[in-house]
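Have a look at the structure below before the remarks.
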Amino acid sequence: MPLFRSEEMTLCQLFLQSEAAYACVAELGELGLAQFRDLNPDVSAFQRKFVNEVRRCDEMERKLRYLEKEIKRDDIPILDTGENPEAPQPREMIDLEAAFEKLENELREVNQNSEALKKNFLELTELKHILRKTQTFFDEMAESGHEDEHANLLGDDGLRAGGQVLKLGFVAGVILRERLPAFERMLWRACRGNVFLRQAEIDAALEDPVTGDQVYKSVFIIFFQGDQLKTRVKKICEGFRATLYPCPETPAERREMAIGVMTRIEDLNTVLGQTQDHRHRVLVAAAKNIKNWFVKVRKIKSIYHTLNLFNLDVTQKCLIAECWIPVTDMETIQMSLRRGTERSGSSVPPILNRMMTREVPPTYNRTNKFTAGFQNLVDAYGVATYREVNPASFTIISFPFLFSMMFGDAGHGLLMTLFALWMVVKEKPLAAKKIQSEIWVICFAGRYIMLLMGLFSIYAGFIYNDVFSKGVNIFGSAYKVNLTDHELQHHHSGMLVPNEANNHYRQTPYPFGVDPIWMLAENKIPYLNAYKMKISIIFGVVHMGFGVILGIWNHRFFGRNMNILVEFVPQIIFLVFLFGYLCILMFIKWTKYYAGAEDQALTPGCAPSILITFIGMVLFKYDTVALDGCENYMYPGQETLQKVMIITAVLVVPILLFGKPILFKMEMNKAKNHAVSEDVEVAGVPQTENHEGGDEPHEFSDVMIHQAIHTIEYVLGSVSHTASYLRLWALSLAHSQLSEVLWLMVLRKGLMFQDWYGGVILYFIFAAWAALTVSILVLMEGLSAFLHTLRLHWVEFQSKFYAGAGYLFVPFSFENIMEVQPGEE
Amino acid sequence: MGASAVPIIVVTAFWFVVGAILPWFVPKGPNRGVTQTVLVMTACSCWLFWLCCYLMQMNPLIGPEMSNHTLLVMKQEWGSSWKD
């Protein structure tokens, strides 16, 4: 049976010819059934054989990441077909490298070109603005120039040297708007007010070629006289990073220049557009294949990492690998190795040898999508020791069942089932979405667990008769009110006593679940408490007993048959004689004592408390005098039987404590005798070999201490764990009370409003009730019950038989690698 | 003793079929063992759960306490007296 215990593993030695090694490892990676061991643990990463190839793969990945970044920058959607390309051959790797190199260079070139083009474009645009704005300046200057001339003529003719016309020099340029005030101030101070600045804003925003931001600039023109001022002005312009442009003086020239600039801008626009188109086309073509390439490169890299684990043999001709593989899969692995050898065109077949080893193999449980969730729950506590009984196959049912005992509400169970059903039915599309939220990932991974939990909760809800805190009356209650109206009004108080005389109770119970009348009763809680506590203990003892029994298979498998006598038998006797007997007492009380009994000894007044009986049993306290009309005991011979059981249970503890150490000592003595008498024999007795094994204790004192701890744990544990199962009652009570409060305080208040506005109010109150139900009762209580069930399994159940000291089988599998990587990135 | 035959037989027979008959018909395949375990465990635990509830109510030691108001409504809706 596949899941009952982990698979048998064997250590194998693999001899691969160097040419075939790559292809064979690729095939094994697709198969995912071999775990390779590192045969070069002392060698650093840089000294391994295939370090160059790994480096090349890293380079390729870097190029691919650059490509991906550029593709994302242009908002091109990346196609993810979900196909799984095969790992390419080593010679294809060179082709891939060349292709990536070409793409990267092309992209870089295109980017550089477009940057230069944009810079050019910016300059031309600024020049265009300058030419436009300066026209107005010159016009003004021309006018004021005339006036000035007049003024100068009239006033001062010291400036005129030799009757020459006053000539003003100018520079024109563009500067960022923010820098303009400081620029003006600097000019005024440096040139002592002898320069004249005119400026006008450029309305359109211009694109900065380097950063791609939109910035606002202004055109300025500075008029000055003389060369000294010119140099000073130019220096200041440089300092403020204003770009200067040559501006012709005459209007005609300016007009010509403007036309030339316009045409050049048009041309540049076309070229820029074409460059962008080209870049877009390159990226779109790349986007189609980029996911494929990523997968291929990752596969190559992982193959070379694995090849680095191998040893190169003396002749340098073949590689030696050691791997753990499941025994049942040896055929499949042989076939894939042969396939790999054929593909690589090598003639020498690979050799797969089984190796005998003392090392403990990894634990491998073959799971499908349904059982994987439960196996994870078990592994989270501890991976099973190699080939011990795997609790996962039983957890599939016991986990949802114990959960349902605590969650026990059919309505909430229905909500949980529907949600889980949606996740299960829409499995494939939901998995393909690859949603990254961690809570969703955990929730989705547990969809089958949730489905089973929901289904069992619906069943438990019908047994507890609890649907959103209301009871349902399917079969007709077993109770009827057998009182006249007169009696009801005047004489009746309290309980509908269910004896035959009163005839309230029809003498046979409600056929399935708790009678609906209890949902209306005021003493519902004490009644249900008695019930739920009892069933918690009953199921607890059954669960723990089952765990102890599972230990038999472990003892038999590992060849420790004597352990069955000295460990299993004392353990089960202790559990059954004490706590199993407690359960039997419960069943006796349920069947024997009765409100309508004719024998007074069997009426409720005489029904003994089971707890007191149990305590009395352990303390050897037996009442000699009974209450009036009652009997001392529940059945004849009770005192004797109980005394015998207690004494047996106590006697069994030393057997548990000393049994195994005594056996160990006997074996040691036998081995010593054998070794003395047969010292020629090299093979030795199996028992001595056992002593030399890895985890067997060498000393008698080790065994004694180990067994003492185990005995104390078991004895104390059976008491505390049995009581621990009472949480099944406690959580069920909490859940039902919470949901009842929600009904009483929220929904019922909404239903009590009359008239049309009652409908409106009910609409909102229902929303509140629904929100609180889902968040508190389903989510919070569900998580809480999940946690407690998990604890019951891990501690109370598994401590009876589970060692959990193994390590997980992690095969070299491309599937696993592909799953991990996207999360890392 | 207040056990009625019909519910006991029906429920026990149902879980018996699930737990002792169906496992023989599970199709051969890698999951045969797991499916059989699932069926048997479901049948056992669900049957025991139902049985405890039935036994608990069979011979009640106490009856429900209700206000007279509730009793009046109950009398009206569910009828009174098991005596015909």
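Values in this text are rule-based calculations from the coordinates and carry no lab data. Because the structure is predicted, anything quoted here is derived from the model rather than measured. Reconstructed Cβ throughout: ideal geometry from the backbone, glycine too, with neighbour counts over all protein chains shown.
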Average partner coverage of B:34-42, which counts Cβ from other chains inside 10 Å: 5
In region A:418-503, chymotrypsin sites (Phe, Trp or Tyr not before Pro) in a DSSP loop with at most 13 other beta-carbon atoms within 10 Å: A:PHE475
Table column - 3J(HN,Hα) (Hz), region A:262-268, Karplus curve with 6.51, -1.76, 1.60, x for Gly and Pro: 4, 4, 5, 5, 4, 4, 4
Positive-end residue of A:ILE537, A:LEU520, A:SER799, charge dipole of the protein assembly as shown with Cβ unit charges: A:LEU520
Whole-number D in µm²/s for chain A (Stokes-Einstein; Kirkwood sum over Cα pairs; 10 °C, 1.306 mPa s): 43 µm²/s
Helical mean residue ellipticity (222 nm; -39500 (n - 2.57) per DSSP H run of 4+; nearest 500) of chain A: -19500 deg cm²/dmol
Diffusion coefficient, µm² s⁻¹, Stokes-Einstein with Kirkwood Rh over alpha-carbon pairs of region A:208-341 at 25 °C and 0.890 mPa s: 103 µm²/s
Residues of region A:643-661 with amide N under 12 Å of the 7 Å Cα→Cβ point at A:TYR622: A:643-646
Note, ³J(HN,Hα) from phi for region A:582-594, Karplus 6.51, -1.76, 1.60, rounded to Hz, x at Gly and Pro: 4, 5, 4, 4, 4, 5, 5, 5, 5, 8, 8, 8, 7
Computed over chain A: relative contact order in percent, which uses C-alpha pairs under 8 Å that are six or more apart: 20 percent
Cα-based helix-to-principal-axis angle, A:18-31 vs chain A, degrees rounded to 10: 60 degrees
Per-residue average of Cβ from other chains inside 10 Å of B:68-77: 5
Region B:5-81: relative contact order as a whole-number percent, Cα under 8 Å and 6+ apart: 28 percent
Where only alpha carbons of region A:692-825 are counted, the Rg and the Dmax (Å): 26.2, 86
Listed residue (A:LEU176, A:MET645, A:MET780) projecting farthest to the positive dipole end of chain A, Cβ model: A:LEU176
Computed Kirkwood radius, in angstrom, where 1/r is averaged over Cα pairs of region A:1-50: 13.8 Å
Placed amide H near A:PHE170: partners under 5 Å, 5+ positions off or other chain: A:PHE224
Amide H partners (placed H, <5 Å) of A:LYS49, local residues excluded: none
Between helix A:392-407 and chain A: long-axis angle, C-alpha atoms, 0 to 90°, nearest 10: 90 degrees
With Cα atoms, 0 to 90° folded angle of helix B:68-78 axis to chain B main axis: 60 degrees
Mean projected area (nm²) of the alpha-carbon convex hull when region A:496-557 is viewed from all directions: 6.2 nm²
Region A:536-634: trypsin sites (Lys or Arg not before Pro) in DSSP loop, at most 11 other beta carbons within 10 Å: A:LYS621
Nonlocal amide H pairs with A:LEU808, under 5 Å, H built at 1.01 Å: A:THR363
Loop-located GluC sites (Glu not before Pro) in region A:1-90, at most 11 other Cβ atoms within 10 Å (DSSP): A:GLU83
³J(HN,Hα), Karplus 6.51/-1.76/1.60, whole Hz, each residue of region A:195-211, x for Gly, Pro: 10, 10, 10, 10, 9, 9, 7, 8, 5, 6, 7, 10, 8, 6, x, 7, 8
Per-residue mean of C-beta atoms belonging to partner chains within 10 Å, peptide A:220-230: 0
Solution diffusion estimate, µm²/s, Stokes-Einstein, region B:5-81, Kirkwood Rh from C-alpha pairs, 4 °C, viscosity 1.567 mPa s: 82 µm²/s
Amide N of region A:456-488 lying under 12 Å from the label point, which is placed 7 angstrom from the Cα of B:TRP78 along Cα→Cβ: A:471-482
